[in-house]
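Q: My questions all concern the structure below.
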Amino acid sequence: MSPFNSPLYRRLLVWFVAANLATLVLGMILTDRLVRRGKLSEPDWIELAQSANEIYQTEGRIGLQAWADERHLEGIEANLFENDRPLLPRPLPPPLNEALPRLLADHEIMLRPRPDLRVVGLGVTGNDGVHRQLVALRGARPPQIRRQVFVTIQIVLSLFGIGGVGWLIARGVAKPVEALRGATQRMAAGELSARVGPKWTSQQDELGQLARDFDGMAERIESLVAHERSVLQDLSHELRSPLARLQLILDLARSGKPGDAAEQFRRGEAEIERLDRMIGEMLALSRMEADLPGMERERVSLAGMVRARVDAAGIEAQAREVTLSTAANATPIVIGNNALLERAVDNLLGNAIKFSPLGGAVDVHIDQRGDKAVIRVQDRGPGVPETEIESLFRPFFRGANAAYANGHGLGLTIVQRIVRAHGGCVEAINREGGGLIVELLLPLAPVEARERRSSQTA
């Protein structure tokens, strides 16, 4: 970006122009007042009259013109009259022209039209015996003195103006930089919630943009660190059961018959494969939530995927004498990670089976609602107290019904994060007659969403 298009550059330019204009105007006003208040230094009028007459007698009009020009530089407008006629064709200032009849009539007269103005008429007779009259006007200060005063005042005011503007600029830059430095130091000390604040992020210049970028970066870092912590918590929760089973398998292989060791090792390999798959899924979830590259997405048919997961959960359901049923009113397709979506459905099914009574039932429905695909899992367990519904998806939350099943309160949290990573949402309500209903709502794939809207319009 060109510096001329920079808001900060334009603001500094306005400050400098305003400061220069202010010093110029103030300098003119002060100069005028100082000159007006200055004391008149009266010249020797008789000597001036005699010198003008002598120069005219010896050098004529040319010499008299040079003498008058020198007096002009001293702030004196003068002319020599003979027989009431000017010897030099110089225009007279208005005050002198107005008082001219009186000045020519008296041999010696001094008038003061204004406190800062002197008008003089003085008669003089030369060696040639001719009577002449000096007519002169004297201001408060000669022009060159006025210029010197103005330049001096202007230099002093400019120095003060530049110093003041420089101080304002330094203060305007130092304050947001200090705020940025303080937020950086707090963040480096471990306070991830440190922000520069709206006072500086609302500024519409480069420093304001820098403050906004810093706050955005800090927010991103805070969310990433919080996310990584939650991933570690989820991973430790998910790894606990497979590791416990591996330990049990090794104990059985160690204490059992030599012929049974091969079977135990085969089971151990299956658990290791499950652990590897689980870690890969958790890392995939982590990358998806963090919006990092490398997350594979594909078209997933929810009806087929859900039926496969219901079949896989059949063994656990049989052990608790729970009946699983699946119904599909539509065959929605979504864009996402198949392994993560399977994980979410597994957690929902496992949660519903755990809280179902012996001989209970778990119903799974697949449907479409507008441009959303819906997976609804409902059980006939104890349900959840209404006051705990909003906390159901919090990590490690175990409500009043936690005694009905073992767990660490992370299953539904993982479900919620998977669904959010796919741009959807999850809702839970109590079922009439007892039990819990959990619905996953996922965005349909673009083609299916357009077809759905077209059919609704038709």
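Q: Hey, any hits in region 395-416 for a residue that's surrounded by fewer than 19 Cβ atoms within 10 Å (Cβ to Cβ), modelled with pLDDT of 85 or more and more than 30 Å from residue 446 (Cβ to Cβ)?
A: Among the residues of region 395-416, not one is surrounded by fewer than 19 Cβ atoms within 10 Å (Cβ to Cβ), modelled with pLDDT of 85 or more and more than 30 Å from residue 446 (Cβ to Cβ), which makes the answer no.
Q: Right, residue 325: at pLDDT 90 or above and over 19 Å from residue 422 (Cβ atoms) or not?
A: Criteria met by residue 325.
Q: Name the single residue, out of those in region 193-210 being at pLDDT 80 or above and aliphatic (A, V, I, L, M), that is surrounded by the most Cβ atoms within 10 Å (Cβ to Cβ).
A: Residue satisfying both the conditions and the ranking: 196.
Q: Would you mind stating whether residue 330 is in the same structural domain as residue 369 (by TED's automatic domain parsing), at pLDDT 75 or above and in a helix (DSSP H, G or I)?
A: The answer is no for residue 330.
Q: Here's a check for you: in region 67-83, which residue that is part of a loop (DSSP other than H, G, I, E, B) and in contact with a helix residue (DSSP H, G or I) (Cβ under 9 Å, 6 or more places away or on another chain) is nearest to residue 138 (Cα to Cα)?
A: The residue in question is 75.
Q: Looking at 64, 21, can you tell me which residue is in a helix (DSSP H, G or I), surrounded by 16 or more Cβ atoms within 10 Å (Cβ to Cβ), among the hydrophobic types (A, V, I, L, M, F, W, C) and at pLDDT 65 or above?
A: Result of the check over 64, 21: 64.
Q: When you look at residue 335, is it at pLDDT below 85 and either out of contact with any Ser or Thr (no Cβ under 9 Å at 6 or more places or on another chain) or outside the structural domain of residue 437 (by TED's automatic domain parsing) (or both), yes or no?
A: no
Q: Take the residues of region 377-393 that are surrounded by 18 or more Cβ atoms within 10 Å (Cβ to Cβ) and of a type in the set (D, E, K, R): which is nearest to the chain's Cα centre (by Cα)?
A: Checking each candidate, the answer is 379.
Q: Which members of region 211-226 meet the condition of being buried (at least 16 other Cβ atoms within 10 Å of the Cβ), under 21 Å from residue 189 (Cβ atoms) and of a type in the set (D, E, K, R)?
A: Hits for region 211-226 are 215, 222.
Q: Filter region 355-376 down to the residues that are in contact (Cβ under 8 Å) with a residue 60 or more places away in the chain and assigned to a strand (DSSP E or B), then identify the one that is surrounded by the fewest Cβ atoms within 10 Å (Cβ to Cβ).
A: Here the residue is 369.
Q: Further question on the same structure: If you check 383, 423, which single one turns out to be modelled with pLDDT of 80 or more, in a loop (DSSP other than H, G, I, E, B), of a type outside the set (D, E, K, R) and under 18 Å from residue 333 (Cα atoms)?
A: Just one listed residue meets the conditions, 423.
Q: Those residues that are charged (D, E, K, R) and touching a residue at least 40 places away in the same chain (Cβ under 8 Å), I need them from region 44-83; list them, please.
A: Of everything in region 44-83, those that are charged (D, E, K, R) and touching a residue at least 40 places away in the same chain (Cβ under 8 Å) turn out to be 54, 71, 74, 77, 82.
Q: Name every residue in region 426-447 that is small (Gly, Ala, Ser) and not in a strand (DSSP E or B), in order of residue number.
A: Of everything in region 426-447, those that are small (Gly, Ala, Ser) and not in a strand (DSSP E or B) turn out to be 433, 434, 435, 445.
Q: Search region 84-125 for residues being of a type in the set (Gly, Ala, Ser) and assigned to a strand (DSSP E or B), and hand back the single one that is surrounded by the most Cβ atoms within 10 Å (Cβ to Cβ).
A: Restricting to residues being of a type in the set (Gly, Ala, Ser) and assigned to a strand (DSSP E or B), the top hit is 121.
Q: In the set 342, 316, which member is assigned to a helix (DSSP H, G or I), surrounded by fewer than 18 Cβ atoms within 10 Å (Cβ to Cβ) and of a type in the set (Asp, Glu)?
A: 316
The values are calculated or read from the model by the stated rules, or taken from the named source; none is laboratory data. Only a predicted model underlies this, so the values are computations on that prediction, with no experimental measurement involved. Heads up, the Cβs are rebuilt from the backbone with ideal geometry, glycines too, and the neighbour counts pull from every protein chain shown.
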